[in-house]
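Input: a single structure, listed below in structure tokens.
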Amino acid sequence: MTLGFIGIGKVGFALANGLQNKGHSIIIGNDDPSSKSVKSALESNESFRTMSIGDMLTEVNMVFLATPFSAVEDIVSKIGLENMILVDCTNPVGPNISHGLESKISGSEKIQEWAPGVHVVKAFTIYGFENFQNPVYPKYPMEPVMLMAGNDPESKKRVAALVMDLGFEAKDVGPLDQALHLEHMTLLWVKMVRRDGHHPNFVWALLER
């Protein structure tokens, strides 16, 4: 599958690199030819293709959004994303690692408002990039779980296949209003690791009876 990426920092690169290693083609969409993150990504993986966001959208039908949340509205409101699956890997983070939208609505739901013609799927947000680089925990007889939310069942199925390609168990937690709780899980992980000094090598698992 050919996958587009808008945002290729630590999270975007870890996901793009892992998916390319599983046989997918990666196109980085970026309208800034001097982008440091794109240059760094190409230095680490010269097989990535790059092109303008508009050109990228003509070649893919699924886009990973992995930019700072502050840039998202401008991006999604200006480009033609109609009928596109948009994998939302962003998190609205406010002062002191708080929820940037005051927990009144999820960032994913705001994206759906800004781009009503797309199928937003929240995924790849409940851990830091370290666990996208390496999701393997060999001491345990199960894979880490990746929780995902969205309103379109078929889009979630397609994203779930990529989740499993990257070594996670895919769990659909429901419609897009559940994304707010996934963003809170991200804040929990981030506060533990980035603020309080816990090591990043831990994940959540799904145990069912």
Need pairs with beta-carbon distance below 8 Å; first residue modelled with pLDDT of 95 or more and within segment 105-129, second aromatic (Phe, Trp, Tyr) and crowded, with 21+ Cβ neighbours inside 10 Å; sequence gap 6+ or separate chains. PHE124/PHE64; PHE124/PHE132; PHE129/PHE13
Which condition number in (1) buried (at least 19 other Cβ atoms within 10 Å of the Cβ); (2) assigned to a loop (DSSP other than H, G, I, E, B) is the one that GLU59 fails? (1)
Please determine, by comparing only the residues of segment 149-194 that are more than 13 Å from SER106 (Cα to Cα) and among the β-branched types (Val, Ile, Thr), which one is surrounded by the most Cβ atoms within 10 Å (Cβ to Cβ). VAL159
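Residues checked against (1) farther than 28 Å from TRP204 by Cβ; (2) touching a strand residue (DSSP E or B) at 6+ places or on another chain (Cβ under 7 Å):
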| residue | (1), (2) |
| --- | --- |
| GLY18 | no, no |
| HIS24 | no, yes |
| ASP32 | yes, no |
| VAL38 | yes, yes |
| SER47 | yes, no |
| PRO92 | no, yes |
Report yes if some residue within segment 8-16 is surrounded by fewer than 15 Cβ atoms within 10 Å (Cβ to Cβ) and assigned to a loop (DSSP other than H, G, I, E, B); otherwise report no. no
Working only within segment 57-67, note down all residues that are under 18 Å from the mean Cα position of the chain (by Cα) and modelled with pLDDT under 95. LEU57, VAL60, ASN61
Requiring at least 1 residues that are more than 20 Å from GLU73 (Cα to Cα) and among the aliphatic types (A, V, I, L, M), the strands (runs of 3 or more DSSP E) wholly within segment 105-204 are 145-150, 169-172
Go through the residues of segment 127-136 one by one and say whether even a single one is farther than 18 Å from PHE13 by Cβ, crowded, with 18+ Cβ neighbours inside 10 Å and of a type in the set (Ser, Thr, Tyr). no
Considering ILE27, ILE75, which residue is part of a helix (DSSP H, G or I) and under 27 Å from GLU154 (Cβ atoms)? ILE75
How about segment 78-104: which of its residues are in a strand (DSSP E or B) and closer than 18 Å to TRP189 by Cβ? ASP88, VAL93, GLY94, SER98, HIS99
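The values are calculated or read from the model by the stated rules, or taken from the named source; none is laboratory data. All values derive from a computational prediction rather than experimental measurement. Backbone-built Cβ (ideal geometry, glycine too); neighbour counts: all protein chains shown.
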